[in-house]
Structures are given as structure tokens and as C-alpha cells.
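Enquirer: Provided herewith is a single structure, encoded as C-alpha cells, for subsequent inquiry.
Please treat every number below as a calculation from the coordinates, not as lab data. Note that the coordinates shown come from a computational prediction; the quantities given were computed from them, not determined experimentally. Note: ideal-geometry Cβ built from the backbone for every residue, glycine included; neighbour counts use all protein chains shown.
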Amino acid sequence: MRGRNRFMGYYKNEEETRKTVDRKGFVHSGDEGRVDKNGTVYITGRIKELIVTAGGENIPPVFIENEIIKECPIVSQVVVIGDYQKYLTCLITLKVKSPT
């Protein structure tokens with residue numbers, strides 16, 4: 001992706017920034033996706049399916065995400081994040097009913 005609102009880079013880490021932001025200014029997020037005929041972007045997966053914690057543990061986030069969705073019927077979407085962090089975090093969206 002590219003635009004005025006894009007990721008500026010990692011603080012004091014030019015090497016990692018160069019891996020993420022290319023010479024043309026595109027940010028490579030590590031996500032897979034598609035764009036429909038209306039220009040809507042859909043995130044469909046990840047290029048790398050393991051999270052490596054600060055302690056070096058390799059964790060597959062898909063298992064955690066699927067279990068949360070299975071156990072909590074009100075949850076619509078889950079993404080687990082935490083590469084090189086001490087703990088994992090989930091971003092969760094809830095199912096809602098449209099007003100009729």
C-alpha cells in the first residue's frame with residue numbers, strides 16, 4: 001500500500017524499515033489480499049503464518065484466532081499480533097445487527 005497515511009518506518013531501525021518500505025514508498029505489510037471491481041480491499045491471509053515472540057517462541061496465530069471465533073459467537077473477526085513482543089494481543093470486531 002502507499003499513500004500519505006502510510007507507515008513512516010521503525011524508530012531508530014533503518015534496516016527493518018528498508019525491509020518494510022520499498023524505494024517507491026510502498027509498505028509491505030505481510031498480509032495477503034485482493035481488490036474487488038469496486039476497489040474494496042480484502043485481507044485474506046498472511047504471508048508468514050508464525051509469530052515469533054520476544055522470548056523466541058514460534059506461535060501460529062490462526063489456531064488462536066479460530067478458537068476465539070469458535071468460543072465467542074458474537075465475534076466477527078480476530079487478528080493476533082505480537083511479533084517480537086513479550087505478549088500477544090488480539091484485535092477483535094464484533095458482529096452487529098443492521099438497524100431495520
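Enquirer: As an exercise, take the mean of 1/r over every pair of distinct alpha carbons in the stretch 38-91, invert it, and state the Kirkwood radius in angstroms. All intermediate terms of the calculation are to be shown ahead of the outcome.
Expert: On the way: mean 1/r = 0.0810 Å⁻¹.
Hydrodynamic radius (Kirkwood, Cα only) of the stretch 38-91 equals 12.3 Å.
Enquirer: Distances over 16 Å make up what percent of all Cα-Cα pairs in the chain?
Expert: 70 percent
Enquirer: First select every other residue whose beta carbon is under 13 angstrom from the beta carbon of F7; then total the charges, Lys and Arg +1, Asp and Glu -1.
Expert: Spelling it out: positives minus negatives among the neighbours equals +2.
Enquirer: Stretch L91-D22 to full length: gain in nm at 0.36 nm per residue minus the Cα-Cα span?
Expert: On the way: separation 69, 0.36 × 69 = 24.84 nm, distance 2.68 nm.
This chain segment gains 22.2 nm when fully extended.
Enquirer: If you bin every alpha carbon distance in the stretch 1-47 into 10 Å steps from zero, what whole percent lands in each bin?
Expert: Pairs per bin, as whole percents: 24, 46, 25, 4.
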